[in-house]
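Enquirer: Supplied in structure tokens, the structure appears directly below.
The values are calculated or read from the model by the stated rules, or taken from the named source; none is laboratory data. From a predicted model like this one, the values you see are computed outputs, not experimental measurements. Cβ coordinates were reconstructed from backbone atoms using ideal geometry, including for glycine residues, and neighbour counts include every protein chain displayed.
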Amino acid sequence: MPFDAAPPRLWVPKRVLATPAALAWPEGAAMAERAAALGAELVRLKSDRLTGLPDTYRDAKTTLALVVAPPSKRRPQPIPPSADFRFDLAAGCPAHCQYCYLAGSLAGPPIIRAYANLPEILAELPPLLGQGRVTSTDAARAGEGTTFECSCYTDPLALEHITGALATTIRRFGEWEAPVQLRFTTKYDAVEPLLGLQHNRRTRIRFSLNAAGAERFEGGAPRMPARLAALRRMAGAGYRIGLTIAPILPIAGWEAQYDRLLADCAEALDGIPDPDLTVELITHRFTESSRKILRDWYPGSRLEMEDAQRSRKTTKFGGIKYVFPREQMASLRRGLEASLAGHLPQARRLYWT
Ligand code: SF4
């Protein structure tokens with residue numbers, strides 16, 4: 001078997017900074033209690049302004065702030081090409097991926113913020129039913145209904161044993177008698193609390209996977225066999241599932257390595273009836289600002305981020321991103337698509353980027 005189901009290692013923050021407003025929500029109080037029970041030091045702040053934020057990377061990544069999402073952060077936004085809307089249950093992530101896409105998107109030290117006012121966050125979603133302009137207008141994806149993505153600024157499963165927010169959200173979508181779908185991506189494997197929920201197939205969990213040679217860039221995240229075991233369990237529990245192959249890297253022997261990964265995925269799904277499998281293929285890219293932050297966070301990293309090996313592309317917001325040159329991109333794409341067709345012919349490919 002290419003996967004195993006060893007008990008997941010749960011993240012425990014060293015310090016939890018809880019604002020009075022967050023603790024006033026029953027959800028926030030429960031998060032504080034769960035973190036303290038795991039051994040975290042609970043700091044009850046006097047005001048709702050976050051103070052005493054750590055300034056080193058290491059201290060920041062072990063700090064969880066319990067806060068209330070203000071109205072501006074609660075407003076769902078379109079998020080092409082993944083979903084009609086994104087909304088956030090948290091911001092920040094405890095893992096240490098050397099290519100982390102959050103670098104450059106979240107300001108300040110990389111602490112993890114969990115939002116306590118979940119009822120207010122979820123109340124923003126029903127008025128958006130049928131209003132989607134991303135997946136809803138794509139003929140190939142319209143069957144997914146109005147789609148809502150909740151992993152743009154966090155890995156929600158990494159925090160679930162403390163927040164419980166994902167389970168509440170999955171249940172809410174399960175009860176929502178309408179063409180809607182909740183989506184999230186994860187590198188984590190602690191799926192046990194999600195298995196028995198009444199999801200009514202209105203949630204798609206996508207596992208972020210990579211070739212074995214890229215695992216060294218993903219510090220703190222569960223290894224690939226653990227993610228594949230979690231994939232199998234969630235598919236077996238009837239969830240819609242997906243593979244997010246990212247970031248695709250031209251590491252030595254990449255063709256064979258990605259082929260092996262997709263063969264392992266096929267084996268993990270063997271015998272699962274109708275997994276409704278989607279695949280997203282995302283090549284590695286970075287911006288000037290994300291590279292600067294990542295080099296500061298991971299000074300010894302061997303992840304290639306050199307101008308000379310990249311093409312510059314203008315983003316739709318006028319910024320510059322560095323991607324692989326056209327020839328290399330085409331070769332990666334040919335290789336990955338051939339492996340997909342060979343091992344997972346039933347998978348629906350959503351996009352290549
Ligand atoms: S799991 Fe995702 S969000 Fe977390 S550090 Fe890795 S890339 Fe960043």
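Enquirer: Hey, among P119, P127, which residue is away from the ligand (no atom under 16 Å from the Cβ), more than 19 Å from the chain's Cα centre (by Cα), without any contact (Cβ under 8 Å) to a residue 40 or more places away in the chain and not in a loop (DSSP other than H, G, I, E, B)?
Expert: On inspection, the qualifying residue turns out to be P127.
Enquirer: Okay, moving on. How many residues does segment 130-150 contain that are without any contact (Cβ under 8 Å) to a residue 40 or more places away in the chain and β-branched (V, I, T)?
Expert: 1
Enquirer: If we keep just the residues of segment 87-115 that are in a loop (DSSP other than H, G, I, E, B), more than 16 Å from Q77 (Cβ to Cβ) and of a type in the set (G, A, S), which is nearest to the ligand (Cβ to nearest atom)?
Expert: Step by step, filter segment 87-115, then rank; the result is A95.
Enquirer: Another question about this same structure. Confirm whether E288 is acidic (D, E), in contact with a helix residue (DSSP H, G or I) (Cβ under 9 Å, 6 or more places away or on another chain) and in contact (Cβ under 8 Å) with a residue 24 or more places away in the chain.
Expert: Taking the combined requirement at face value, the residue does not satisfy it.
Enquirer: Basic (K, R), touching a residue at least 40 places away in the same chain (Cβ under 8 Å) and surrounded by fewer than 20 Cβ atoms within 10 Å (Cβ to Cβ), is that true of R260?
Expert: So R260 fits the description; yes.
Enquirer: Would you pick out the residues in segment 303-320 that are within 24 Å of the chain's Cα centre (by Cα), at pLDDT 95 or above and not aliphatic (A, V, I, L, M)?
Expert: E304
Enquirer: Kindly list the number of the only condition in (1) within 16 Å of the ligand (Cβ to nearest atom); (2) farther than 29 Å from G213 by Cβ; (3) among the aliphatic types (A, V, I, L, M) that fails for L50.
Expert: (1)
Enquirer: Let me ask you something else. Being assigned to a loop (DSSP other than H, G, I, E, B) and buried (at least 16 other Cβ atoms within 10 Å of the Cβ) is the filter here; which residues of segment 13-49 pass it?
Expert: Within segment 13-49, P13, T19, W25, A40, L45 meet the criteria.
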